[in-house]
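What follows draws every value from the coordinates through simple rules; no lab data is involved. The shown structure was predicted, so the numbers you read here are calculated from the model rather than taken from an experiment. Glycine also receives a Cβ, built like all others from the backbone with ideal geometry; neighbour counts cover every protein chain displayed.
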């Protein structure tokens, strides 16, 4: 018979692993590219979109940020010292605002993506890899 706290214990283990990996990703991106993990995700999601642009409201949902937080984040990425994004007003609906990734943003994303993948691979293949895989299997 399973302990009634088994699922909670597994969940806490998983969130601990997730938090640790997130922290390593955040540190690497911040140190090498001056990007937060959320900023990296914004560049990634916009880059993968069909027209290389997304409405701010779409980004709110994708990155799990409030309207004001996503707006501040986009402003930082639009700033002259970064230049990774560019805002456009929607021609069909003047209330809608799109943000488009620039060539500078694409280049920054591609470099950051290499670092992201390296850190993620290292963390998932590290000492806790077997424990991580067993934990995932037990959760399914």
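With a 10 Å radius around each residue's Cβ, average the other Cβ atoms per peptide and rank 39-48, 115-124, highest first.
Averaged packing, sorted descending, gives the order 39-48, 115-124.
Quick check: residue separation of residue 30 and residue 5 times 0.36 nm, minus the Cα distance between them. What number comes out in nm?
This chain segment gains 5.3 nm when fully extended.
Over all distinct alpha-carbon pairs, what is the Kirkwood Rh of the chain in angstrom?
Final number for the Kirkwood radius of the chain is 16.9 Å.
At 222 nm, what helix-only mean residue ellipticity would the chain give, in deg cm²/dmol to the nearest 500, using -39500 (n - 2.57) for each DSSP H run of four or more?
Rounded to the nearest 500, the figure is -22000 deg cm²/dmol.
What ranking, highest mean first, results for peptides 63-70, 103-110 when packing means the other Cβ atoms within 10 Å averaged over each residue? Each step should come with its number before you reach the end.
On the way: 63-70: 13.9, 103-110: 16.0.
Those peptides, ordered most packed to least, come out 103-110, 63-70.
Fewest first, what order do 21, 101 take by the number of other Cβ atoms within 10 Å?
Going from least to most buried by this count: 21, 101.
Order by neighbour count: 9, 92, fewest other Cβ atoms within 10 Å first, most last. Before the final figure, lay out each step's value.
Working: 9 11, 92 5.
Starting with the residue having the fewest Cβ neighbours, the order is 92, 9.
Report the Cα-based extents of the range 16-60 along its three principal axes, largest first, to the nearest Å.
Principal-axis extents of the Cα atoms in the range 16-60, largest first: 33, 23, 15 Å.
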